[in-house]
2 protein chains.
Amino acid sequence: MGLAAPSLSVLNAKEIEQIKDASMDILQHTGVKMDYASARDVLRARGAKVEGEIVFFPPRLVQEAVMSAPRGFRLYARNPAKNVSIGDGNPVFVPGYGAPFITSVDGAKRKAVYEDFVQLVRLAGASSNMDITGGVLVEPNDIPEKHRHQQMLYACLANSDKPFMGSATGAEHARDSLAMAATLFEDDGDRPSQPVMITLINSLSPLMYDARMAGALMEYAAAGQPLIIASLGMAGSTMPATLASVLSVQNAEVLAGITLAQVVREGTPVVYGSASSITEMRYGSLSIGAPEGAWIIAAAAQIAHSYGLPCRAGGSLTDSKLPDAQAASESMMNMLTAGLAGVDVILHAAGILESYVSMSLEKFVLDDEACSAVKRILRGGDVNKDTLAVGLIHDIGPGGEFLSAEHTYGHFRSEFWQSPLAERGSYDQWRLEGTRTALVRAQIRLQQILESYQAPPLPKKVEKRLRESAAR
Amino acid sequence: MGLAAPSLSVLNAKEIEQIKDASMDILQHTGVKMDYASARDVLRARGAKVEGEIVFFPPRLVQEAVMSAPRGFRLYARNPAKNVSIGDGNPVFVPGYGAPFITSVDGAKRKAVYEDFVQLVRLAGASSNMDITGGVLVEPNDIPEKHRHQQMLYACLANSDKPFMGSATGAEHARDSLAMAATLFEDDGDRPSQPVMITLINSLSPLMYDARMAGALMEYAAAGQPLIIASLGMAGSTMPATLASVLSVQNAEVLAGITLAQVVREGTPVVYGSASSITEMRYGSLSIGAPEGAWIIAAAAQIAHSYGLPCRAGGSLTDSKLPDAQAASESMMNMLTAGLAGVDVILHAAGILESYVSMSLEKFVLDDEACSAVKRILRGGDVNKDTLAVGLIHDIGPGGEFLSAEHTYGHFRSEFWQSPLAERGSYDQWRLEGTRTALVRAQIRLQQILESYQAPPLPKKVEKRLRESAAR
């Protein structure tokens, strides 16, 4: 780690305050619709005004909630070497989430099935960049919805020893997830004894939470399990067209969820989630590859950090329908912005395509490499007497060479990033090897990873109990 | 322009001082080899110690030179609407420079010819993102070297009305370029009366300037024409493997060139140029798509700005051999880093491939779009009462929609970037239209641009005189 972590700012202090003040105004006077009676009840008990399903948040309640949330926290993995620290200045990468389709390299698309899900879990498990296995890595459409959450969780727990995500589809599914996590860690009772999973809770823009999300939120908060509380507004349709307004409405939604989590249990670990972007006005559709979305990532990170909260934003986000140059460019734009902005959790870090609609296994491999490159940029270069090497430069002098210097051999392995995919060799050799594009190389690497990956074995008894939960 | 321009830092103030101190040590005690007697003479006359061809720079001479260089300046175009301001906080984009080859979309490569050069000039002229036409947009290998610089300049002046670059291949070619620029602007004498061109001067790493570069530098400085003075060190071969050292050796080289320019003529407009990256140790070759190179871009921008100098770094840099996903990802990584770091001049902004070895017209079109997206990120979003729209949010309320709001129609055109190339429509429509990748769309757009571009006409007399100069 360099002495100075990168720092990116796109808003000044006054602009941040204006946005936050607007959010407080919205929370207090416009309110947030909560389609879940228990949520309204606990908020009313803490002084919120409730009219029908709309909750009006007193500023002090929101401020107290923000204060009670930790600046960072740890997720415990079944393999302690894979514990994850969130909020320590290093980004945590999590694969794509929630897509119903799978796209092949030629752009053909089909409904995803359980086998795709398992392959994605194995890719996440094999990656040295993905820190969390993921949650809904893709929708397994061949599994009945009733059991889907348990089957997905089973695949995650059986095929990877990294921390994972819980089901966000209502209180009951949350309890099922908590119970399976307790089984994995062989904890007594129906919930894990430590933070081991993180769950993605989304508001419905503008300014609503449905019963499923609010229900899951309350269950996980009560169990002390961390939450990402995120807003995905579309400037120009579900939010105003101006980016400043998107930031303040998004902020209001996220603060409402955070307040609910803290009211349920003070100190619940929460991550401030920003996923808002713009509406492509020609089609009325969400665009996640838009540069406005990248700017929102950087701005939201500043707002989250100004509250002392870790932030989730960004990812390898693209509107492209296949892993082409548009996908690569948009994905890097969003990923690098998130990295430089100090985003703490980068969901959708690998595989996502077509504005969250589809996943590509080959793009997963390409994005994984991009995550690694961004990590290298963030690490930077140490500045000290040894790395400045003024004496060496003096000894070698004008016109000399450093290739054979001992200093070079002592440093280049740690200083230079190793890329498994990037082509940097001679043109002639590349032609001889068949003029392979990055996508072709990714296809080859994908097969190698899937063939060689060994799932870290579970204790037999745990494996059996998890399998039973999943088949229930 | 948003109220707050993005600001990225990767070095802290102490690290910047350490690097600058190391550079001063190198300049004073190791020295810079100048293979050009006139350069050594003018520096000796100002107090530099000279031993053989090596010039040792007293710190005060360097500091005075840095102080005498302007923070920013203007380049005058033959079309005043296309004047360019350098150092005002907005990046100036310039196409790829110096590649000897042209690559087609399938990765086939051939020597570039004059017709390629003209096509690239026309692309630069047509682009709404390229601010300067360019210089050696590609090497026209079918033109004898002796006349190449004049033929290239003629193509630039006849096909585009933007500012341009001068020849850097020695004093004589510089004088030829100055004379043609004077002809273009119908100035008396053999040089233009205002700053109208900018020329790329490169050191030879480590710590040398050859006669051609030093000679051109001195001619342009004497004529008051702006210079980019750049270093392209390769960590691990022409410079040490540690990034801190690369920054300090590069800084020493650039400061040596800037000092020479200021000694020739105080106040010469100069741009601090950083092009250093790493050596791919498997092949001993330059890698410009490496993440270490992106970090160097951001760090160099901080160092240049700490001297109060405009900076040149970055570009759509890639090692890939064709415009594939690697090219798109690496290009965006370097372009976005340069944009966020506040780099003032972004050379190689479009078209470059294969570590500066080749150009792709299709990649030019793709990169041009990426430049436009980066500009949109930099513009950000204004924060004020109108853009925050708290009243509107209150009126529409939880669960409402903003698509039909007057506020949306009043803002979305200016707030949302329009992309000519990005695919954001429906999947089915995209399949119906032939499953076009971004590269295929770029090919189509390339043809449209080349077919529709109208070169801005020159006065007949000027055109004739320029043509005569080029044919001399």
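List of remarks:
- Per residue, the accessible area of the protein assembly as shown comes to 34 Å² when a 1.4 Å probe rolls over the protein heavy atoms.
- Rg to Rh, two decimals, where the protein assembly as shown supplies the alpha carbon set and Rh follows Kirkwood: 1.00
- Of all lysines in the structure, the ones whose alpha carbon falls short of 17 Å from that of A:LYS14, not counting any fewer than 8 places away in one chain, are B:LYS385.
- Expressed to the nearest 5 percent, the antiparallel share of DSSP beta bridges inside chain A is 40 percent.
- Relative contact order computed over chain B (Cα-Cα under 8 Å; 6+ residues apart), in percent: 19
- Peptide-level mean, for A:399-412, of C-beta atoms on other protein chains within 10 Å: 6
- Shielding value for A:287-294 is 6, the average number of Cβ atoms from other chains within 10 Å of each residue's Cβ.
- Largest to smallest principal axis extent of the C-alpha atoms in segment B:188-246, angstrom: 50, 20, 10
- Of every Cα-Cα pair in segment A:376-472, the percent that sits beyond 22 Å: 64
- Segment A:288-361-segment A:24-87 distance, computed between alpha-carbon centres (Å): 24
- Segment B:301-341 - Kirkwood radius from inverse mean 1/r over Cα pairs (Å): 11.0
- Cα-centre dipole for chain A with unit charges at Cβ (Lys and Arg positive, Asp and Glu negative), debye to 20: 780
- Of the DSSP H helices in chain A, those with a Cα length along their own long axis of 15 Å or more and a mean Kyte-Doolittle hydropathy reaching 1.0 comprise A:243-264.
- Cross-link reach is defined here as a Cα-Cα straight distance under 21 Å, omitting same-chain residues fewer than 8 places apart; for A:LYS111 the lysines meeting it are A:LYS146, A:LYS321, A:LYS363.
- Ordering of B:315-324, A:49-58 by packing is B:315-324, A:49-58, highest average first (other Cβ atoms within 10 Å, averaged per residue).
- Each of the peptides A:79-87, B:123-131, A:281-289 was scored by the mean count of other Cβ atoms within 10 Å over its residues; in descending order, highest first, they stand as B:123-131, A:281-289, A:79-87.
- In chain B, the inverse of the mean reciprocal separation of distinct Cα atoms equals 23.2 Å; this is its Kirkwood hydrodynamic radius.
- Those aspartates and glutamates that a straight Cα-Cα span of less than 15 Å connects to B:LYS464, excepting residues fewer than 8 apart in one chain: B:GLU186
- Surface burial for B against A, with a 1.4 Å probe and both sides summed, reaches about 9300 Å² of accessible area.
- Inter-copy label distances at B:LYS461, shortest first and taken from points set 7 Å along Cα to Cβ: 10.0 nm.
- Take the Cα of A:ASP210, step 7 Å toward its Cβ, do the same at A:GLN454, and the gap between the two points is 4.4 nm.
- For chain B, with all protein chains in place and a probe radius of 1.4 Å, 50% of the accessible heavy-atom surface sits on carbon or sulfur.
The values are calculated or read from the model by the stated rules, or taken from the named source; none is laboratory data. Keep in mind it's a predicted model, so treat the numbers as computed, not measured. Neighbour counts are summed over all protein chains in view; Cβ atoms, including those assigned to glycine, are modelled from backbone coordinates with ideal geometry. Keep in mind that these areas ignore ligands, DNA and RNA; they rest on the heavy atoms of the full protein, side chains included. Shrake-Rupley method; radii C 1.70, N 1.55, O 1.52, S 1.80 Å.
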